[in-house]
1. Can you find, within the range 45-59, the residue that is surrounded by the fewest Cβ atoms within 10 Å (Cβ to Cβ) among those that are under 16 Å from residue 112 (Cβ atoms) and of a type in the set (Ser, Thr, Tyr)?
2. Where residues in the range 68-90 are surrounded by fewer than 15 Cβ atoms within 10 Å (Cβ to Cβ) and small (Gly, Ala, Ser), which of them is nearest to residue 116 (Cα to Cα)?
3. For residues that are without any contact (Cβ under 8 Å) to a residue 60 or more places away in the chain and of a type in the set (Ser, Thr, Tyr), tally how many sit in the range 100-154.
4. I need every pair where a residue in the range 55-77 that is closer than 16 Å to residue 124 by Cα has its Cβ under 6 Å from the Cβ of a residue that is at pLDDT below 95 and among the aromatic types (Phe, Trp, Tyr), sequence separation at least 6 or different chains.
5. Residue under question is residue 20, and the condition is that it be of a type in the set (Lys, Arg) and at pLDDT below 95; does it hold?
6. If you check 103, 93, which single one turns out to be among the hydrophobic types (A, V, I, L, M, F, W, C), crowded, with 20+ Cβ neighbours inside 10 Å and closer than 25 Å to residue 56 by Cβ?
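The values are calculated or read from the model by the stated rules, or taken from the named source; none is laboratory data. Note that this is a predicted model, so its numbers are computed, not measured. Backbone-built Cβ (ideal geometry, glycine too); neighbour counts: all protein chains shown.
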Amino acid sequence: MKRAAAAAGLLIVFVACAERNTSTADTGVVGDTSGSSVASTDFAGTWEGSSLDTAGNPLVRTELIATGSETGWKLNLVNAADTTKRTTTEVRVVSRAGDSVVVESGPYPSVLRAGQQVTTRTVYRLENGRLVGITDATYPGGDVVRLRGELTRR
């Protein structure tokens, strides 16, 4: 049930941020090709920031390395309270529309829960030169932790 609610929440956020367009352009990704959209290259670069829990406590230091295409993205994560807990994982761009991109990673070793694998799905929105996002981290057994993050370009 938690997983379905989380997926529905992400879908609502993504649909609210995107204009309807079924064009697949050159990338094969359904997206907005109107003049108001941002290009894949607008997401390119190294982005740094923190992921916070719902109470606003920083849990994970995040570095997102995004290419100018839909492939080759990478995520470096460090536990904010214990910097010895860190991991790097590949990022899959699921879709891009308007000023938003949906990405998935994992499963990979969690930096928050020792010995557990986690899969994440994040909706990022390019807002005033920052990437603002909501991440759902799904653990074995279906436990979902929601984080919000804000990244700035380095």
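1. Selected residue: 54.
2. 81
3. Qualifying residue count, the range 100-154: 7.
4. If the second residue must be at pLDDT below 95 and among the aromatic types (Phe, Trp, Tyr), the pairs left are 66/43.
5. It is true that residue 20 is of a type in the set (Lys, Arg) and at pLDDT below 95.
6. 103
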